[in-house]
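Visitor: Handing you this structure, nothing more for now.
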Amino acid sequence: MGTLSVRIRYRPIRFGWCVRKGNIEDVRVALRLTHTLWGGRYNPLIPVEEAHDHGRELVEAFRVDALYPVTDDPLLQRFVNSFSHLPWPSFHKELFVRGMTGIVATFLDIYHPVRFLFEEYIKDKADPKLDVRIFQWDPADPLADVLLAYFGGYPSKREIGKDYGDFVSKNLRARLIRLNAIDPLPNDAFRAVTPAAISGYDLKQDRVGGWNHPGFYIGDPNDFEDILNFWNLRAANIGVLFLDNTHDIRLRGLWEAYLGELRQQPEDPSGWDPRVCVWSKEGAAVDLANFGGETIGRVELRDGAWNGRNIQPPLMYFDEHSALASLSDSSGVPSISFELRPKPFFDDPEFHIQRVIASVRPLIDSGDEETTFHYPYIPELNEFYGRKAYFQSNAARSEHDGVGIVISLTQDDLTINSLRRRELAASLFRVFGMKAEPSEPGRIAARLIKQMGGVQGCRAFKIAGTRDLIERYSPLKSFTRSNAVQIIGRNDPETGIPHFERYESLYIEPRERGGKLTPHHVFDFLLKRGVFRVGLNFLCPSCELDFWMGLDDVRAKMTCEYCGSEFNVTPQLRDRDWAYRRSGLFGREDHQQGSIPVALTLQQLDANLHREGISVTGMNLGPESAAVEPCETDFVVISDEPFERKVALAIGECKTGGEIEAEDVRKLTLVADALSATKRIEPYIIFSKAAPFTQDEVTRCSAAQPQFGRRVILLSDRELEPYFVYELAKEEFDIPPGSSSLHDLARATESIYFTPRRKPQQTTPPQAAI
């Protein structure tokens, strides 16, 4: 079918280490295990208790790919099982298994960064420029857990069957440094290459935002919560050093050297982010005077810190690159296939066990309005993405910017299928407690859009005269070309002059450069799209009734469709006008079940929402576990909103000229409320109409607005007909800038309809007398 470009990122699988809240031994096991993995430096500790709220918050904030209980405890296992959308991403349930050459990690481990460092800095070098240090301390050292979290350490060979400490020492010529329980820590220890640094080697972050303030964590080295907070801040790639006043002698030299380093960093030009920040758990006493006279940031970790809006842990990845993918439809839907090269790790045969994630984002969509290569960030759809995109239910991970596929390190190519849009929409509603099925009007609207050449082929419906022409004549009523052109142009009945100026720049198909669109152009376009058929009207000489015959069926001898008599039509062909009738879907008596305003609304949204999005026509919605009532939405639009953690989803009701009813508003409001409660979806309700809204309708629609925020969007003919949605409205109303997201449209709706902000009327200044 062709080729398209894809962006490929390789990244480590991010684990959440599930530990029993208050159990510091679980933390020690988890930290030793995580330092054996490349990327483990950024894996969070998830404290688990009977109330799972804080643990769930951390899983969401860190965008965890898999959960690993560090002990065989029913409480931890129940927590893991509650995340059914995070299936274990490997055939092997263990982190280490016996391979052909000995014990092998089942996920990307530090063998790879160690080998890279060896080949760049050690191999064939007489004087290696690499300062690798492995710190050792007495398990009874009061700072033991702080040292483990900061410098890192490895499990013993007895624990996992493999000695990573010995491997690093031999290959990177690491210095083993014994830390005495009473001696100060080395002042330059934060610059050393340690197990923690090796585990995070050469990784980049996908975002910088939130409370990303380096500095110091003030806490108690014997407090479970402080150790957990300290590690998770560092796992969020925030450069913090642990401080404790009771160990000032051991820590002061190190923290003063680090403070000096932070002070050398350039100031934030906006003035918002401090150079140095002091962190602690809520309620801890902190004396900021110890850090000098400059402005010091202060953060207490309390409820909400990990809600995804404050601390925003990045997802770490290796270099990304683009590749050409071949596009085909051999699997029944469009699919892409591409090579997995180059790789930022070694793919020797013995590493076929190890797993990593290839994050894939096609840079253009499938070109098919029934399918998509866009995978909205809904982690609850991981299994659906795995089954449909990759035929492996545990191998897909939803991402903000593509889809992650779990692959073997030795895999050389990848094929990913597109998704059927209706199936995707139905699955999304299902995971949030609603059943969704295509409606009959939805099927008709989809077929109509396809007949017009896609949603952008529906621009001709922007022209009020086009809609008038389709509405005016019944399927059995014919008309002439001159009638059609006059109706499309909305000619003045007295002068015959068309009122078509506002549409002259509308693009519906190629025409001469600089040429204006005319009603003749529009009618020709509608003929090409099969909206109307051409034929002739004949008079039966026997029953003297007129009947219409399509051009393809005209013959010299015709049979009257009313009386059945045969007659020669040749005498009637002189000076005859062609007669046109509505055709196909447009020939239905039911006005295509309201498909035209649906098509027009989707066209306007597609043109103005300059983001990757998915739209499907009408669906019947009903309850499974959600508190909704059976209803129909005329369309579903799924869009990635800028600066939002959630996926925006719009449902709507479209009318040609009829009233938006209170029942429509009430039922769609229930659906929006149910979606809003998921904390994954930002719902919007669109009411559109190919005519002006009445004040009663505006009042009804305003009832769907939530107590806080905006989610209702009103689009009348004034918003649907121009190319830019608020091209006409902005002349009358003071509208907030921007119209490229559903959020923007909801803000503008408030300024136009609910709390009108009319511009002052322009008055012509009086002319001076002559």
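The values are calculated or read from the model by the stated rules, or taken from the named source; none is laboratory data. Remember, it's a predicted structure, so these values are computed and weren't measured experimentally. With ideal geometry, Cβ positions are generated from the backbone for all residues, glycine too; neighbour counts draw on all protein chains shown.
Visitor: Can you find a residue that is of a type in the set (Lys, Arg), in a loop (DSSP other than H, G, I, E, B), surrounded by fewer than 16 Cβ atoms within 10 Å (Cβ to Cβ) and in contact with a helix residue (DSSP H, G or I) (Cβ under 8 Å, 6 or more places away or on another chain) anywhere in the range 745-764?
Guide: yes
Visitor: Going by what's in this entry, would Ser639 be described as among the hydroxyl-bearing types (Ser, Thr, Tyr), under 21 Å from Thr669 (Cα atoms) and not in a helix (DSSP H, G or I)?
Guide: Numbers: among the hydroxyl-bearing types (Ser, Thr, Tyr): yes; under 21 Å from Thr669 (Cα atoms): yes; not in a helix (DSSP H, G or I): yes.
So Ser639 passes the test.
Visitor: Please verify whether the range 18-25 includes one or more residues that are over 30 Å from Arg430 (Cα atoms), surrounded by fewer than 23 Cβ atoms within 10 Å (Cβ to Cβ) and of a type in the set (A, V, I, L, M).
Guide: yes
Visitor: Out of all the residues in the range 702-738, which are free of Cβ contacts under 8 Å to residues at least 12 places away in the same chain, over 23 Å from Asp468 (Cα atoms) and of a type in the set (D, E, K, R)?
Guide: Correct list: Lys730 only.
Visitor: Search the range 336-395 for residues being aromatic (Phe, Trp, Tyr) and closer than 25 Å to Phe635 by Cα, and hand back the single one that is surrounded by the fewest Cβ atoms within 10 Å (Cβ to Cβ).
Guide: Across the range 336-395, the extreme among qualifying residues is Tyr377.
Visitor: Then there is this: Sort through Ser688, Ser639 and tell me the only one that's polar (S, T, N, Q), modelled with pLDDT of 95 or more, crowded, with 20+ Cβ neighbours inside 10 Å and touching a helix residue (DSSP H, G or I) at 6+ places or on another chain (Cβ under 9 Å).
Guide: Going through Ser688, Ser639 in turn, the sole match is Ser688.
Visitor: Looking only at the range 87-118, which residues are modelled with pLDDT under 95 and acidic (Asp, Glu)?
Guide: Listed by number, the list holds a single entry, Glu94.
Visitor: Would you mention how many residues in the range 482-498 are out of contact with any helix residue (DSSP H, G or I) (no Cβ under 7 Å at 6 or more places or on another chain) and either at pLDDT 95 or above or surrounded by 12 or more Cβ atoms within 10 Å (Cβ to Cβ) (or both)?
Guide: So the answer is 3.
Visitor: Please go through the range 30-78 and pick out each residue that is touching a residue at least 60 places away in the same chain (Cβ under 8 Å) and either assigned to a loop (DSSP other than H, G, I, E, B) or over 29 Å from Gly209 (Cα atoms) (or both). Lay out the reasoning, then the answer.
Guide: To start, the set of residues in the range 30-78 that are touching a residue at least 60 places away in the same chain (Cβ under 8 Å) comprises 31-45, 47, 54, 57-58, 60-63, 65.
Answer for the range 30-78, where residues must be touching a residue at least 60 places away in the same chain (Cβ under 8 Å) and either assigned to a loop (DSSP other than H, G, I, E, B) or over 29 Å from Gly209 (Cα atoms) (or both): His35, Thr36, Trp38, Gly39, Asn43, Pro44, Phe62, Arg63, Asp65.
Visitor: Please go through the range 522-563 and pick out each residue that is surrounded by 18 or more Cβ atoms within 10 Å (Cβ to Cβ) and under 30 Å from Glu721 (Cα atoms).
Guide: Selection gives Val522, Phe523, Phe525, Leu526, Arg529, Val531, Phe532, Arg533.
Visitor: Can you pull out the residues in the range 502-517 that are within 18 Å of Glu727 (Cα to Cα) and either of a type in the set (D, E, K, R) or loosely packed, with under 14 Cβ neighbours inside 10 Å (or both)?
Guide: Arg502, Glu504, Ser505, Tyr507
Visitor: Look through Leu254, Leu315 and report the one residue that is under 26 Å from Ile182 (Cα atoms) and crowded, with 19+ Cβ neighbours inside 10 Å.
Guide: On the way: Leu315 fails: under 26 Å from Ile182 (Cα atoms).
Going through Leu254, Leu315 in turn, the sole match is Leu254.
Visitor: Then there is this: Could you tell me which of the residues Gly308, Gly304, Gly332 is surrounded by 15 or more Cβ atoms within 10 Å (Cβ to Cβ) and over 21 Å from Thr106 (Cβ atoms)?
Guide: Just one listed residue meets the conditions, Gly308.
Visitor: Please report, ordered by residue number, the strands (runs of 3 or more DSSP E) entirely within the range 259-369 with at least 2 residues that are of a type in the set (Gly, Ala, Ser) and under 27 Å from Ala197 (Cα atoms).
Guide: Hits in the range 259-369: 355-362.
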